[in-house]
Each structure stands twice: as C-alpha cells, then as structure tokens.
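The values are calculated or read from the model by the stated rules, or taken from the named source; none is laboratory data. The model shown is predicted, which means the values in this text are computed figures rather than measured ones. Virtual Cβ from ideal backbone geometry, glycine too; neighbours counted across all protein chains shown. The area values use the complete protein model at the heavy-atom level, side chains included, leaving out ligands, DNA and RNA. Shrake-Rupley method; radii C 1.70, N 1.55, O 1.52, S 1.80 Å.
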Amino acid sequence: MEIIDFHTHYIKKEMLNPTWLNFLEAINPEFYARADDFSHHPELFTAYLKTQGVKYAVVLPECAPATSGFVPTEEVIEYCRGQEMLIPFTSLNPNVHPDPAAKLEFQVKESGIKGLKLHPSYQFFYPNEARLYPLYAKSQELRIPVIFHIGSSIFKGTKLKYCDPIYLDDLAVDFPDLKIIMAHSGRGFWYDECFSLSRLHKNVYMDITGLPPQNLLSYFPDLEKNSEKVLFGSDWPTMPTGIAKNIEAIKSLPLSNRTIETILFKNAYRILFE
Ligand SMILES: [Zn+2]
C-alpha cells in the first residue's frame, strides 16, 4: 500500500522558539540529536521516509514568530528542490505579510509551492476575517489546498479561540471549490465539530495528525462513513515513535482495507496531484 504523509515539519533548531525545541527534545530525542544533519541533507529525510514506507510527504514551514517560530518558506522550497518525494507548502501570516495573495501567487508560479498552511491560533486571526478573503480567492483560483491548524497546542502564547472550526464554515460556503484541511481534526475540543463540517461540505477535510491512532475510533466512531474526507499525517519529527509505527497502528484498526487505503493515500493523492 502506498502512503502519503500530509503533515511533516522542516526543522531548523535556530528558527524554532524554545517552547517547540524543548518539546521536540523531550518527545523525539533521537531526532533532536541529529536535527542539524536532517536540516542540511534532504536525502537523509527521503531515505528515512523510504524506510517508513512513505512515498510522498508534505513539508511545512512555519511563520508564527509570536508562538512556535519562524521557518521561512524559502528554506523549505530549497530543501525540497529536486526531491520528488517532498512536497513544499508555504506558510503565510496575515499579520506579517502585507499582501499574502500576491505572495502565494508568486510562490506557486515561481517555486512550485503545492499548498498553503495557516495557523490561526499561533498567528492570531479568525479564518473568516474579510482581510483573508483575497488569499482564499487566489488559493481557489490556483487550486491550492489550505491547511488550517485546528486544535489545541501546548505552545506558549497560543490563543485557541482563533482555531474554533466553526469559522471555517463561512469559507466552505463562500469558496465552495477551495480545499480546506483541518489539521489535527479539532484535537482536544472539537472532534465532533470537525467531523460534522467535513461531512457537510464537499471540500472540507480532516487530517489525523498528532492524534494517537489507537484512539481514532473513540474520537470518531463513524470514521468509516467519512473515509473520503480523512487524511493521514504524522507531524514528524514532533512525534514519539517512527512514522511506520503510526501507519501500522492505523492499519490494525477495525476498518475496511478500502477505508485504510483511502485515508493513507487516495485522498491525499487526489488533493495534491489531480
Ligand atoms: Zn504540525
């Protein structure tokens, strides 16, 4: 079975805030010790992905200087250049970038960016604010999927109110062709809301990044019914085990093979490549 990991992070220690660095060191000391090697050598990462059975991985930058850190999109573009397995996304921040729609268009056309990550609770905006609408219109026009961080976080400075999934309902109505992905599926507070929104709207998806796979069916008892709207992501390297262990845990859930394949590969493939 082929696998797409829809949520991995490009890590450069000097660009992350202490809150993330300390967490990373505690949760994945093995990676932490080799972080500099990984950040300089993308082929180390692609070799690792192959050992885990992953065919493609979305690689995320992070423009959230007030909370998690500032990992520029340009570095991620460089990192992924020439690496067929690595799919670079951009991180734009409406409180940092004066014209995010123009920046998105430039990055898509000049640098092959395949998607956008937004972080309402780290960057401090409500997803349905009017100032974001030109960015969504551009994303829809360019067929660029948008990942929103939707769920709790231990990072200092996080303001959770901004990632209440209800604010995505406006976007789903106003931009019906925009692919909206709720990263972490509402972790901690909003599992039911995320599940309902993804059932309700044709182009709203949930990713299960950072959720213990063995708990998925207690968070989402009807997961099987919503298999077309669920994506696998690992949050690598911010995870306690290897990616393959997560994949195995998902495969061992009482779900049909078809559902498992749809979650681990097909949905992501459709969003990224069709
Ligand atoms: Zn993440």
Handout entry: Pairs with Cβ under 8 Å, 6+ apart, first in the stretch 170-194 and under 16 Å from Ser121 (Cβ atoms) and among the aromatic types (Phe, Trp, Tyr), second in a loop (DSSP other than H, G, I, E, B) and within 16 Å of the ligand (Cβ to nearest atom)
Key = Phe189/Ser152
Exercise for the section: Output the qualifying pairs, or none if there are none: Cβ atoms under 7 angstrom, residues six or more apart or on different chains, first residue in the stretch 1-18 and among the hydroxyl-bearing types (Ser, Thr, Tyr), second residue open to solvent by 10 Å² or more (accessible area, probe 1.4 Å) and within 11 Å of the ligand (Cβ to nearest atom). Expected result: Thr8/Trp236
Handout entry: Residues of the stretch 200-257 satisfying the condition of being touching a residue at least 12 places away in the same chain (Cβ under 8 Å), within 16 Å of the ligand (Cβ to nearest atom) and of a type in the set (Ser, Thr, Tyr)
Key = Tyr205, Thr209, Ser234, Thr238
Practice task
Collect the residues in the stretch 1-24 that are within 30 Å of Lys251 (Cβ to Cβ) and surrounded by fewer than 19 Cβ atoms within 10 Å (Cβ to Cβ), keeping them in residue-number order.
Solution key: Met1, Glu2, Phe23
Completion exercise
Taking the stretch 144-161 and keeping only residues that are open to solvent by 10 Å² or more (accessible area, probe 1.4 Å) and not in a loop (DSSP other than H, G, I, E, B), one is left with Leu160, Lys161
Problem - Candidates Glu110, Glu78 - the one that is of a type outside the set (Phe, Trp, Tyr) and over 30 Å from Lys156 (Cα atoms) - result: Glu110
Practice task
Scan the stretch 178-199 residue by residue and report those that are buried (at least 24 other Cβ atoms within 10 Å of the Cβ), away from the ligand (no atom under 16 Å from the Cβ) and not in a strand (DSSP E or B).
Solution key: Phe195, Ser198
Practice task
Among the residues of the stretch 120-160, count how many are away from the ligand (no atom under 16 Å from the Cβ) and of a type in the set (A, V, I, L, M, F, W, C).
Solution key: 8
Practice task
May I ask you to list the residues in the stretch 109-136 that are open to solvent by less than 70 Å² (accessible area, probe 1.4 Å), touching a residue at least 60 places away in the same chain (Cβ under 8 Å) and either farther than 19 Å from Gly69 by Cα or part of a loop (DSSP other than H, G, I, E, B) (or both)?
Solution key: Gly115
Practice task
Could you list all residues from the stretch 72-96 that are in contact with a Cys (Cβ under 8 Å, 6 or more places away or on another chain) and either open to solvent by 10 Å² or more (accessible area, probe 1.4 Å) or within 20 Å of Lys55 (Cα to Cα) (or both)?
Solution key: Pro72, Leu86, Ile87, Pro88, Val96
Completion exercise
Going through (1) surrounded by fewer than 22 Cβ atoms within 10 Å (Cβ to Cβ); (2) in contact with a Leu (Cβ under 7 Å, 6 or more places away or on another chain) one by one, Ile208 fails only at (1)
Practice task
Give me a count of the residues in the stretch 233-274 that are open to solvent by 20 Å² or more (accessible area, probe 1.4 Å), among the hydroxyl-bearing types (Ser, Thr, Tyr) and over 13 Å from Val54 (Cα atoms).
Solution key: 3
Practice task
May I ask you to list the residues in the stretch 162-171 that are touching a helix residue (DSSP H, G or I) at 6+ places or on another chain (Cβ under 9 Å) and either open to solvent by 10 Å² or more (accessible area, probe 1.4 Å) or of a type in the set (Val, Ile, Thr) (or both)?
Solution key: Tyr162, Asp164, Ile166, Tyr167, Asp169
